[in-house]
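The values are calculated or read from the model by the stated rules, or taken from the named source; none is laboratory data. None of these values were measured; they are calculated from a predicted model. Quick reminder, even Gly has a Cβ in these numbers, built from the backbone with ideal geometry, and neighbours come from all protein chains shown.
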């Protein structure tokens, strides 16, 4: 190690704007004396002579101060797979449509990079979930998610039958299109699309949101962040077994729209708070708490009408104290945050 600052740059190379802006980021960082890494699969399109090319593995973000991501939410979720094991914060530059996880827009890119160079950013922890798939007590798969773990039907013409459980006790049985188990970050993602509530950054919780359930009791639920959620897949609603179909998947588990597991009838999916969070870098915003910043983000991303507001910004409650608030770059404590769904502008399942 040479002691120099290192930043990994990840881009959606299928978007010309992302390629163009990635080159600008690399140039600005290298000019400032920062070592820049880019991923091998993206190197040919980026053509950044001043960057180190590394394999697209978790080692790419090792010892990196930050991972700067240019693209939509799908690109950021892909980069999270590299950054999470290394404990490196992600800073997203929105080049998609909504881009709810992104911190900055391309028109302020030079200023954003300048803030990174000057250490003018804080770091938020975003809760993750760990997911275990079992059948008859045998573990079939283990994975994780930043946004959500969703159990979904595979046959368009049929719903799935599930029984849900919270903390070891049965909750309800539904015929439905699926069930979303989401984090606060995922509350503005798939869970929101399915009718779930938006959860502010300071709230720690897990969400259970049925998708098109045929039942009187099928509303979204917010539970303790320490609860264990379980979904038991009984099979497809109204399905008649036929020869040759015994091994067919009755459903599918999607985590962040990127990692999938085929689910046989009888599968049990357990979702609990993850031990390792994902870190998001937030550029310095003087005088605004993380909750106020999230409110502003909602207004901007969804184009919410606020004309006529007569509030006084100076009257909003102060942000969390230094001991418990966001940590400055290189500092100590972190505090939880929240944010979207795999971006609609860039389906991360593709």
Among 133, 123, the single one that is outside the structural domain of residue 38 (by TED's automatic domain parsing) and touching a strand residue (DSSP E or B) at 6+ places or on another chain (Cβ under 7 Å) is 133
How many residues, within region 255-282, are under 18 Å from the mean Cα position of the chain (by Cα) and in a strand (DSSP E or B)?
-> 11
Keeping to region 72-88, report how many residues are in contact (Cβ under 8 Å) with a residue 60 or more places away in the chain and either out of contact with any strand residue (DSSP E or B) (no Cβ under 6 Å at 6 or more places or on another chain) or farther than 25 Å from residue 260 by Cα (or both).
-> 8
Kindly indicate whether residue 123 is over 21 Å from residue 280 (Cβ atoms) and in a strand (DSSP E or B).
-> no
Residue 289 fails exactly one of (1) modelled with pLDDT of 85 or more; (2) surrounded by 16 or more Cβ atoms within 10 Å (Cβ to Cβ), namely (1)
Which pairs have Cβ atoms under 7 Å, sit 6 or more apart or on different chains, and link a residue in region 44-55 that is within 15 Å of residue 19 (Cα to Cα) to one that is at pLDDT 95 or above and in a loop (DSSP other than H, G, I, E, B)?
-> 45/13; 46/13
Does region 195-212 contain any residue that is surrounded by 22 or more Cβ atoms within 10 Å (Cβ to Cβ) and closer than 27 Å to residue 61 by Cα?
-> yes
For region 15-40, what are the residues that are within 15 Å of residue 79 (Cα to Cα) and either free of Cβ contacts under 8 Å to residues at least 24 places away in the same chain or part of a loop (DSSP other than H, G, I, E, B) (or both)?
-> 40
Tally the residues that are out of contact with any helix residue (DSSP H, G or I) (no Cβ under 6 Å at 6 or more places or on another chain) and not in a strand (DSSP E or B), restricting the search to region 82-97.
-> 5
Could you please tell me which pairs satisfy a Cβ distance under 9 Å, a separation of 6+ or placement on different chains, a first residue in region 179-195 that is under 14 Å from residue 77 (Cα atoms) and not assigned by TED's automatic domain parsing to the domain that holds residue 206, and a second residue that is modelled with pLDDT under 95 and in a loop (DSSP other than H, G, I, E, B)?
-> none
Which residues, counting only those in region 151-164, are more than 26 Å from residue 101 (Cα to Cα), surrounded by fewer than 20 Cβ atoms within 10 Å (Cβ to Cβ) and touching a residue at least 60 places away in the same chain (Cβ under 8 Å)?
-> 154, 155, 158, 163
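Conditions tested, residue by residue: (1) buried (at least 24 other Cβ atoms within 10 Å of the Cβ); (2) in contact with a helix residue (DSSP H, G or I) (Cβ under 7 Å, 6 or more places away or on another chain); (3) not in a loop (DSSP other than H, G, I, E, B).
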| residue | (1), (2), (3) |
| --- | --- |
| 49 | no, no, no |
| 53 | no, yes, yes |
| 64 | no, yes, no |
| 108 | no, no, yes |
Among the residues listed as 111, 99, the single one being at negative phi and either at pLDDT below 95 or over 15 Å from the mean Cα position of the chain (by Cα) (or both) | 111
